[in-house]
Every structure is written in structure tokens, then in C-alpha cells.
1. Where nothing but the Cβ of Lys and Arg (+1) and of Asp and Glu (-1) is charged, how large is the charge dipole of the chain around its Cα centre, in debye to the nearest 20?
2. Per q in 0.12, 0.22 1/Å, what log10 I(q)/I(0) does a Debye calculation on the alpha-carbon atoms of the stretch 137-233 return?
3. Measuring from centroid to centroid over Cα atoms, what is the spacing of the stretch 278-335 and the stretch 63-86 in Å?
4. Hey, of (1) 22.4, 89; (2) 21.2, 70; (3) 23.2, 72, which did the structure itself give for Rg and Dmax of the Cα atoms in Å when calculated?
5. Using amide H atoms built 1.01 Å from N in the peptide plane, name the residues 5+ places from Gly75, or on other chains, whose amide H lies under 5 Å from its own.
6. Using Cα pairs closer than 8 Å and at least 6 residues apart in sequence, work out the relative contact order for the chain, in percent.
7. What's the ranking of 301-313, 360-372 by average number of surrounding C-beta atoms within 10 Å, highest first?
8. Counting only residues 5 or more places away or on other chains, whose amide H sits under 5 Å from the amide H of Val283 once H atoms are built in the peptide plane?
Amino acid sequence: MPTTPTTARPSGTAPSGRAGPGASVTPDGLLAPDDRPSPDDRLAPDDLLARHRAVAPAWQRLLYAEPLELVSGSGNRVTDSRGRTYLDFFGGILTNMVGYDLPAVREAVERQLARGVVHTSTLYLQRAQVELAEKIARLSQIPDAKVFFTTSGTEANEAALLLATAHRRSNQVLALRGSYHGRSFATVGVTGNRSWSSSSLSPLQTTYLQGGYRFRSSFRHLDDDAYVDACVADLRELLDVATAGDVACLIAEPVQGVGGFAVPPPRLLAAYAEELAGTGTLVISDEVQTGWGRTGETFFGVEASGVVPDMITFAKGLAGGHAIGGVVARGDVMDGLAGRGISTFGGGPLAAVAANAVLDHVLDQDLQGNARRLGAVLHDGLHRAAERLPVLGEVRGKGLMVGLELVGADGYAPDPDAAAAVLEATRERGLLVGGGGLHGNVVRVAPPLTLTAAEADEGLALLVDALEEVDAARR
């Protein structure tokens, strides 16, 4: 849609609906109708960006030199406010897991809306919430599992940390280098990625272990078995010198998401869990990005290591874009809090019916198998591209999680400018991807699980073309 010029406004009001000194305000604190943004204003991308910058925090990042406003979607494609359509290979940071406007999800939400109950809170019985919890408890393989719903992955990890520290009567936590677990006070305190650690203050004492990001690890020269042995030896030393004993938990992502889809050797998490087994330390698997079959290999990422954790946290794709998160944990751990607790919005009626529809669709349509098959197409094609494109230092990930490490001419130095250029080049070609990594030099590719074979081929071709352009421009 073309940009519509902003119309003149009465004296005393600010442009684009922001209240000026003389703007009239209704009793509920809203701008009076004449002072609110018009529909044309809301759809004017340039004006919207200025308004965003005026009211949003500076640290709230937007992608692209000219940020997008996405206004509609269907299948695995989205359309922006200028009418341009894109194949979406990032899915709202892995959240639109079954694409856009899936009939089963839309119809479930519409039925709930027609009943008139949009919200009740966890103070009331909710049939859809109980049904969803039963499914998740069963799929988790955690014995005697119980589920607590939240509204996001950050809140889910916050709840898991509360459960673990209360159960163990300790605020000591083990986390992995390169990890990301959320933006709240406690979860920032266990995030091993300084790009996302906005405060050094924390209610927790965190010790960081070697993780899955081997490209720049001090142990990168080791093969899988030697790497795991070195990591476990390092864990033993850290337990002796950096903790006071009685560690509450280890929290780990089976595949590090914001860290750039870094994948540990298959045995690493199992080796850590085995080493900690005799200490009583709980194991939390952060499945906010790896859950629901996205890795293709297993339904929850941690299953690939053979570990049954004490807790799994989840969020993002479960409700197909509706806000939901949660923790599934051993019953004794979940029941261990001394104080009362509720969730005002967690697992609410709309999110719960949407999540049930999404989960049923994922299982009925074998979307885990789809992630495995089409993920192989993307990985194979990008590995072939890496053989001839020096800018592409490493291709990694699992299933429909693909990380592309972009490097300088020496084949090692991080090149965040190249990653930014790839994001712009893919957008120009009609493809949306994401970024990540400690140094901002990783391109993340994570299409919806409903990706088709034709879309996989199309997206791969566009992505490789963009990489070729960026690589050629550097020579």
C-alpha cells in the first residue's frame, strides 16, 4: 500500500495522534477520537517508524534498514503494509510454527470467541487448559509430571528457576556459555551471552559451563568425545572452585537459539546430567525454541541426549502465535512451593484452544517428520554453498533450525556486517530470515513446520543467491 501523507491536525495536538499540550483526553485516559491516529496514519510505514521510535525503548530492536510492518499472512507467507509478500523463514522468531491462518487454529479461536469467554485466569477450571496439560505431561516423558502455564518463554524460565531454587534451597545455578533464557531479572542472570545480558545484577549465583558453540570455544580443536571429556572435567573443577555446593539446577538449551543455533555433541548434556546425578542438582531443558518436533530428530530436543530432565520449559510455537508458555516438571518439584501462586493470563481460554489445535495438527500431520525431511534439504544445500563461499564459515543446526556463521577473509573473525547484508539481500528477494550469535554474525533460518518441499527449494535458492551476492561484494 502506498504511503499516505499525514493530514493537518488541529492546533494543540501532536502529529500521528500523540497528545500535545492542548489535546483532549477521555476519562479512560485515551486520546479523544479526533486526536487518535487515523487508519491511513496506521498504515503509513514511514510515519509508523517515527512514532515507534518516539515511544519505544532504544534497546527494542527492529530488523532491516527500513523496518517492516507485517499486516497479513496465509500459509507460510506474509504481506507487509506496502503490499509486498515474503516467504517467511523466521516465523516471528519460531513462533508462527504452523504458518499463518491455519484453519484448525482459527476455527478453534473463533468458537471460543463466540462463547464470549476470552479470559478467566487460573482461579477457575478450564477444560482446554487441562486437556493441553495432559498432552504435554504425556509427551514430556517426565514421571508424575505436572504443568504450570505462563504467557512467554521468559516467564516459563523464571518459573522453573523459582521451582528449582525453592526445591534445593539454593540460588546457585549452572548455565551454558552462549545461552539465552529471557529478558527478566532472573533469566538475564543465567544468560551466557553478553549481547543480551543487560544487567550484571542477579538474584542468582551463576556458573557458566562450556556449551554447544564450538566454533570459537577454547576446546574447538577436539573431536566430539574429547570435547565432552574436557567439558566434564571443566564442570568438575567449576563445582569445586566456583560453587559452594548444593547447586540448584543446570539450565540448558538443547540447541542454543539466540546463540546462533549452536548444537552440542550428542553426548554432552547426558554427560553433564550423569556427573550431576549424585548431587541432587535438577536439570532444566529450555525447549522454548527446540520443542514440538522442530529439530526433526525428536519431539523435545533434550530427548536426543537420552536425558529425561526434571523440568522442561516451553513457549513460542505451541499456540501458533497466541501468547503461551509454561513449565512441565516432576510432581514433587512442581508441588514444592510454600507460597500460593496463580497465573492471570497463562494458559487462558484463547491460547489454550489454539495450543490444543496446534499440537493436534503437529502430531496428526507428522510435522516432526516434515522438519527432518525438509531440514535435510536446507542443510544439504547450504553445506554445498559453504564449500565455495568463503563468507560462510559454518553451517549448523538440526531440522528446521539452521545457523549460518558468517566470517571475515581469514575464515574465522566474526562478520556482523555480512550477516546484516544477507538479511537485507534476502528481504529484497522476498525471503525473511533472522539473526543471532554472540557477535551478531549468524543468520538464523527457521521456517514454519508446515513448510512444503516447493517452498524449501524456493527459500534455499533465494538464500544461496543472497549469500553469493554478499560474498562477491567482499572480494
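Here, each number is a calculation from the coordinates, and none is a lab measurement. Owing to the predicted nature of the structure, the values given are computational and were not obtained by experimental measurement. Note: ideal-geometry Cβ built from the backbone for every residue, glycine included; neighbour counts use all protein chains shown.
1. 840
2. The Debye formula, applied to the Cα set alone, gives -0.50, -1.12.
3. Their Cα centres are 31 Å away from one another.
4. Checking each listed value against the structure points to (3).
5. Those qualifying (amide H under 5 Å, at least 5 residues apart or on another chain) are Tyr100.
6. It rounds to 19 percent for the chain.
7. 301-313, 360-372
8. For Val283, whose amide H was placed from the backbone, the distant partners under 5 Å are Leu250, Asp310, Met311.
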